[in-house]
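Down below is the structure, laid out as structure tokens.
The values are calculated or read from the model by the stated rules, or taken from the named source; none is laboratory data. Owing to the predicted nature of the structure, the values given are computational and were not obtained by experimental measurement. Cβ placement follows ideal geometry from the backbone for every residue including glycine, while neighbour counts extend to all protein chains displayed. Surface accessibility is based on the protein's heavy atoms, side chains included, excluding ligands, DNA and RNA. Shrake-Rupley method; radii C 1.70, N 1.55, O 1.52, S 1.80 Å.
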Amino acid sequence: MIRVLFFGKLRERLHCSELNLAIEQPLNLNELCECITQQGGKWSQWMQGNKPLAAINQTMVSFDSQVKPGDEVAFFPPVTGG
Amino acid sequence: MKISVQAHNFNIADEHRALTKSCTSSGAVVTFTGLVRDLNQGNQIQSLTLEHYPAMTEKALTAIATTAKQRWPLGKITIIHRIGQLALTEQIVFVGVTSRHREAAFDACQFIMDLLKNHAPFWKKETTSTGERWVEFNDKDKQATKRWEK
């Protein structure tokens, strides 16, 4: 199982801050995004053509990074702090 | 190194005092404070809400401060970032740096703010007279980090 978090405008648009997904083997973030899309309904267009930023276990990563069971993944728009 | 993500306000004088206390080798203190301003992209702002990724924010800010300390000869570093709802003119962020000489302190303070704007997981939502809207990332902030490329 992996915990998937959403923040900012993405969280608001999806009306979802957290999702738990069952995965049986490691996959990269592109594959994970496809898994999320496959849930259908509002998830079928969840990225709306704009790839969000991503973090695995609270560290920003690229989309070729691997996710394994037990990881925490977060997707979010470009940050606007400061 | 003091890193804090907090809802409550901070006192600049207290933070300045903490940076300079027992700091006999530092000849320079540089600080920056970011505020909620009244106009952004043509809209009147009534308030600002800061959302963040709780498990990641302090980790990201600590990494930025550590990078600054590896790059410049610094004494103390303080980074404070507020979250939650803030009114106009309220303080959002504080960065304070000490060093032996002023050049390192000025550069490190700017560096920390530039990296924070690009890498720290906070998102601003403005409440305006015409409704709410999420602040969009400004490419100027990405361009600002280029000055630090070696």
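Data for the structure
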item	result
Residue that is nearest to the chain's Cα centre (by Cα), among those in the stretch A:18-29 that are exposed (fewer than 13 other Cβ atoms within 10 Å of the Cβ) and polar (S, T, N, Q)	A:ASN20
Residue count for the stretch A:20-61, restricted to those that are within 20 Å of B:ALA55 (Cα to Cα) and either within 14 Å of chain B (Cβ to nearest Cβ) or among the acidic types (Asp, Glu) (or both)	10
Subset tally (residues that are of a type outside the set (Val, Ile, Thr), under 16 Å from the mean Cα position of the chain (by Cα) and open to solvent by less than 60 Å² (accessible area, probe 1.4 Å)) for the stretch B:135-150	2
Single residue of the stretch B:98-134 satisfying the filter (in contact with a Gly (Cβ under 7 Å, 6 or more places away or on another chain) and more than 21 Å from B:THR62 (Cα to Cα)) that is most open to solvent (accessible area, probe 1.4 Å)	B:ARG100
Filter result (open to solvent by less than 60 Å² (accessible area, probe 1.4 Å) and either more than 21 Å from B:ILE83 (Cβ to Cβ) or not in a loop (DSSP other than H, G, I, E, B) (or both)) within the stretch B:4-26	B:SER4, B:VAL5, B:GLN6, B:ALA13, B:GLU15, B:ALA18, B:LEU19, B:THR20, B:CYS23, B:SER26
Within the stretch A:57-73, considering residues that are under 22 Å from B:THR62 (Cβ atoms) and touching a Lys or Arg at 6+ places or on another chain (Cβ under 9 Å), the one most open to solvent (accessible area, probe 1.4 Å)	A:THR59
Top-ranked residue of the stretch B:97-134 - restricted to ones that are within 13 Å of chain A (Cβ to nearest Cβ) and basic (Lys, Arg), ranked as farthest from the chain's Cα centre (by Cα)	B:ARG133
All positions within the stretch A:65-82 that are more than 12 Å from the chain's Cα centre (by Cα) and of a type outside the set (S, T, N, Q)	A:LYS68, A:PRO69, A:GLY70, A:PRO78, A:VAL79, A:GLY81, A:GLY82
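Conditions tested, residue by residue: (1) open to solvent by less than 40 Å² (accessible area, probe 1.4 Å); (2) β-branched (Val, Ile, Thr).
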site	(1), (2)
B:ALA28	yes, no
B:LEU35	no, no
B:LEU39	no, no
B:THR49	no, yes
B:TYR53	yes, no
B:GLU58	no, no
